[in-house]
Structures are given as C-alpha cells and as structure tokens.
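J.: First the structure, which I've put down as structure tokens, then a few questions once you've had a look.
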Amino acid sequence: MTEVAIVGIGIHRFGRTDRVSGRAQAVHAAREALRDAGVSFSDMGFAFGGSHSAGDADTLVSELGLTGLPFINVYNGCATGGSALIAADAAIRSGQHDIGIVIGFDKHPRGAFNTDPAEHGIGSWYGETGLMVTTQFFGMKIQRYLHEHDIDPGVLVRIAEKAFRNGARNPMAWRRKEISAAEIAAAPMISHPLTQYMYCSPGEGAVALVLCRADKAREYTGRPVFLSGAAFRSRRYGSFEVFSPWIAAERADSPTVEASRAVFEAAGVDPSEVDVAQIQDTETGAELMHMAETGLCGHGEQEKLIADGETEIGGKRPVNTDGGCIANGEPIGASGLRQVYENVLQLRGAAGEHQVPGDPRVGFTHVYGAPGISACTVLTR
C-alpha cells in the first residue's frame, strides 16, 4: 500500500466573521493549503469536503477552479472532517490518486445546534422532552464517569482553564482571553456539573489539507508530515452515546476506544509514544473521558496527570494545545481537520507561542460526534 503525507495546510480563523460566508472561508483555507504545498488547484487529482450548515463543498470549484476533478461531499456529524480525511487517505493509499485536497468548513448561526430527532431515527417525543439538548447528555455521562472512577469534579474547571490559556496563545482561536478557575466555576450551571465555560459553542471556520503519496512528499515541502494511520468506528450495542433513546444493560466499549486502538495498531505506534494530542472536547468532561478511552492514560489517572501539569503545553502529555473546541468553538465540518492542522504545525515546530517543546515527532487526533462515531489519526515525521 502507498504511504500518505500531508504537504500543505491552510486555515481560516475560527470564531465569528461577519459578512464572510462559510464558503468564502473554505476557499481561503484551500488557497492557503495549496500555497503552502506550492501547487495549484489544477494539480489536485481529487477532493473531499464537508460542511453541516454552510453549503455543499463540491460547489467550491466555482472559486477554486473548474478542473473536472472528482469532488465528493462528506457529511458525518462532528466527525465530518475526520471522515473526509480518511476518505482521502484511502484514495491515495490504494494507489488511485497521487495528490488531492481535503476541505472542512462551517458557519453556524448563534445559539445551540438545532437537530431534528427524525434525522437520527428517533421519535418526536425525544425532542419534546428536551433530550435532544446535548448539554443534558454530556452532563449525565460525566456524572456517571466521575462517580465510577472517584474523580473530583473540580478537575473539569482545570481542563477549561487550560483550554482558554492555550487559546490565548493561538492566533487562529476564537476565544483568546484567559479565564480564571474561579470565574469558570462560578459561571451559570448548564447541566450539572458543567458550567457555561466548560462547553464549546457552535462557530465558524475552515481548514484545508493537501495530501500526496509519501514518496513524492519532498517534491512539495521540506517538512512533510506523514499520515501513519487513520481509523473510523461507529457505536456498538451497549455503548452510551449521544442521541440514544435508551441504554442497554450490557456495557460495551465506545467507538473512541475501538477507533484509537485501530489507528495505533495501523501506525505501529504505542499511545505512550504520543508527543502531542488533540482530543474532542465538546465539553470538559469529554476531554477527561477521552484521555482514557484513547489509551493515553488509564481510567481514573486523569486527575493526577492534570494536577501535575502533564497535559499542559510544556507537560509530558500535552492535550489540546490550540485550545481545543472550548477555545476555538465548533464549526462541525472543520473541527476534525483543525486538530490535524494543529498537529502538523506542532510536528513542523511552527506553532509559535503554543509550540510543544522537545521536538515532537508523534501526534494523535481524536474527534467524536453524534450519534456515536469516532475518527482518529496518528501523524509522524
């Protein structure tokens, strides 16, 4: 099988950009990625792209170029970007194409995501009783997790504090102001034990990546980063996932456990070798749980790791170095690709104020979305 490299990256700043459409943000990110790789859109053999609220990705050819390339729209909830990347990885790894581009973007209206239960095969009663409000699910899930592993809820405050601190160092983040632990803890309670500043917000932004055959990577860049593994899994019977109208008596691993296990095996990398990780943090409880579900630590170990500063930028296991979803917000189509963009910066040593010290060589990303799907990557150099 052909190996895969990332040779170009581009981003449009996350947050709110008045009078700039989601499509325009995607075009900006794509042109930045093409420029970074020293290529033009006409050089692309294929494209995969996705958006939840900002239009069909394939229509971007109107601005990028009417070249006739196969441009496939991807829609897979919060894992849209990760899914598009996995599709691109397969297109190159199979030998079908030598080079292509992945684009993820979105521009969500203000307020909470508004999802129709029918889209998930659930009766209208689920929404009428308020259960489609995902903040409630995340609150219930982290309550159970904290109880089962005897973790102090105060750790959720520290995770949010880190997110805003890292976001303040990231020029592409939405939230670029540090928020103190006291302010986070005192913020309005949304769904116990999660306060307002422990949740991310729907937002705007775009990311694009240019991928090619690994053996051709140095034709485009002197700093290639290799996509050593990419994996995607959906939920099994017995896992406890968002938008589930019931829970089984049996317990099963989450799709995150299975996707991360698969990607580490494919990459030939052990979780202990990860130098920098980007993990889905729709809220701070998600980061806490996913640290263990991805194998980066054991269940119940997170509290001490966080207290000891190991998940900080300068720690032994830095997590969400760009501020994660908490500081960047969540434009659904772009979130998973933002994580990869950040890890490419880190492995290039080009992350500026939020650069992980010590010459990182292995990066891991994990994105999770409704109704229980997970995509993971391992990047190396």
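Read the figures in this text as sums done on the coordinates, not as results from a lab. Note that the coordinates shown come from a computational prediction; the quantities given were computed from them, not determined experimentally. Ideal geometry is used to build each Cβ from the backbone, glycine not excepted, and the neighbour counts take in all protein chains shown.
J.: How about region 245-341: which trypsin sites (Lys or Arg not before Pro) there are in a DSSP loop, with at most 14 other Cβ atoms within 10 Å of their Cβ? Don't skip to the end; give the middle numbers.
T.: Working: sites: ARG251, ARG261, LYS304, LYS316, ARG338; in loops: ARG251, LYS316.
Taking region 245-341 and a limit of 14 other Cβ atoms within 10 Å, the loop trypsin sites (Lys or Arg not before Pro) found are ARG251, LYS316.
J.: Please list, ordered by chain and number, the residues whose modelled amide H lies under 5 Å from the amide H of ALA206; skip anything fewer than 5 residues away on the same chain.
T.: Sorted by chain and number, the residues that satisfy this are HIS12.
J.: Rounded to two decimals, what is Rg over Rh for region 311-381 when you use alpha-carbon atoms and the Kirkwood radius?
T.: Values: Rg = 12.2 Å, Rh = 12.6 Å.
Taking Rg over the Kirkwood Rh, I get 0.96.
J.: Identify unpaired cysteines across the chain, taking unpaired to mean no other cysteine Cβ lies under 4.7 Å from the residue's Cβ.
T.: CYS78, CYS212, CYS297, CYS376
J.: May I have the convex hull volume per residue, in Å³, for the Cα set of the chain? If you can, show how the numbers build up before the last one.
T.: Numbers: hull volume 48.9 nm³, N = 381.
With only Cα atoms used, the chain gives 128 Å³ per residue.
J.: Among DSSP bridges having both ends in region 226-378, what percentage is antiparallel? Round to the nearest 5.
T.: Around 70 percent antiparallel, to the nearest 5.
J.: While we're on this one: So what's the back-of-envelope 222 nm ellipticity for the chain, counting only DSSP H runs of four-plus at -39500 (n - 2.57) apiece and dividing by all residues, rounded to 500? If you can, show how the numbers build up before the last one.
T.: Working: 12 runs with 126 residues, N = 381.
Computed ellipticity for the chain at 222 nm equals -10000 deg cm²/dmol.
J.: Within 11 Å, Cβ to Cβ, of GLY285, how many net charges do the neighbouring residues add up to if Lys/Arg are +1 and Asp/Glu are -1?
T.: Working: positive: LYS141, ARG144; negative: ASP281, GLU283, GLU287.
So the environment of GLY285 carries a net charge of -1.
J.: Please list log₁₀ I(q)/I(0) at q = 0.10, 0.15, 0.22, 0.24 Å⁻¹ for region 194-292, using the Debye equation with identical point scatterers on the alpha-carbon positions.
T.: Relative scattering, expressed as log10 I(q)/I(0), comes to -0.43, -0.90, -1.30, -1.34.
J.: May I ask for the angle, rounded to the nearest 10°, between helix 154-168 and the longest principal axis of the chain, with both axes built from Cα atoms and the value confined to 0 to 90°?
T.: The two axes meet at around 30 degrees.
J.: Given Cα positions, please report Rg to Rh for region 108-166, the hydrodynamic radius being the Kirkwood one.
T.: Numbers: Rg = 15.4 Å, Rh = 14.0 Å.
Radius of gyration over Kirkwood radius for region 108-166 works out to 1.10.
J.: Then there is this: What angle, in degrees between 0 and 90 and rounded to the nearest 10, separates the Cα long axis of helix 80-93 from the longest principal axis of the Cα atoms of the chain?
T.: 40
J.: For region 1-68, taking Cα atoms only, what is the radius of gyration to one decimal and the Dmax to the nearest whole Å?
T.: 12.9, 45
J.: Karplus couplings for region 119-129 from phi (6.51 cos²θ - 1.76 cosθ + 1.60, θ = phi - 60°), rounded to Hz, Gly and Pro as x?
T.: Once rounded to whole Hz, the list reads 5, 10, x, 10, x, 4, 4, 5, x, 5, 8.
J.: What would the Debye formula give as log10 I(q)/I(0) at q = 0.10, 0.11, 0.19, 0.21 Å⁻¹ for the alpha-carbon point model of region 19-176, no solvent?
T.: At q = 0.10, 0.11, 0.19, 0.21 Å⁻¹ the computed log10 ratios are -0.55, -0.66, -1.21, -1.29.
J.: Out of residues 5 or more away from VAL4 or on other chains, whose amide H comes under 5 Å of its own, with H placed 1.01 Å from N in the peptide plane?
T.: The answer is ALA214, LEU227.
J.: Would you mind counting up the charge near GLU63? Only other residues with Cβ under 14 Å from its Cβ, with Lys and Arg at +1 and Asp and Glu at -1. Before the final figure, lay out each step's value.
T.: Working: positive: ARG23, ARG31; negative: GLU32, ASP56, ASP58.
Local net charge: -1.
J.: Which percentage, to the nearest 5, of the DSSP beta bridges contained in the chain is antiparallel? Intermediate values should be presented prior to the final figure.
T.: Values: 39 of 53 bridges.
Here the antiparallel bridges make up roughly 75 percent for the chain.
J.: Provide the net charge surrounding LYS107, with neighbours chosen by a C-beta distance below 14 Å and charges set as Lys +1, Arg +1, Asp -1, Glu -1.
T.: 0
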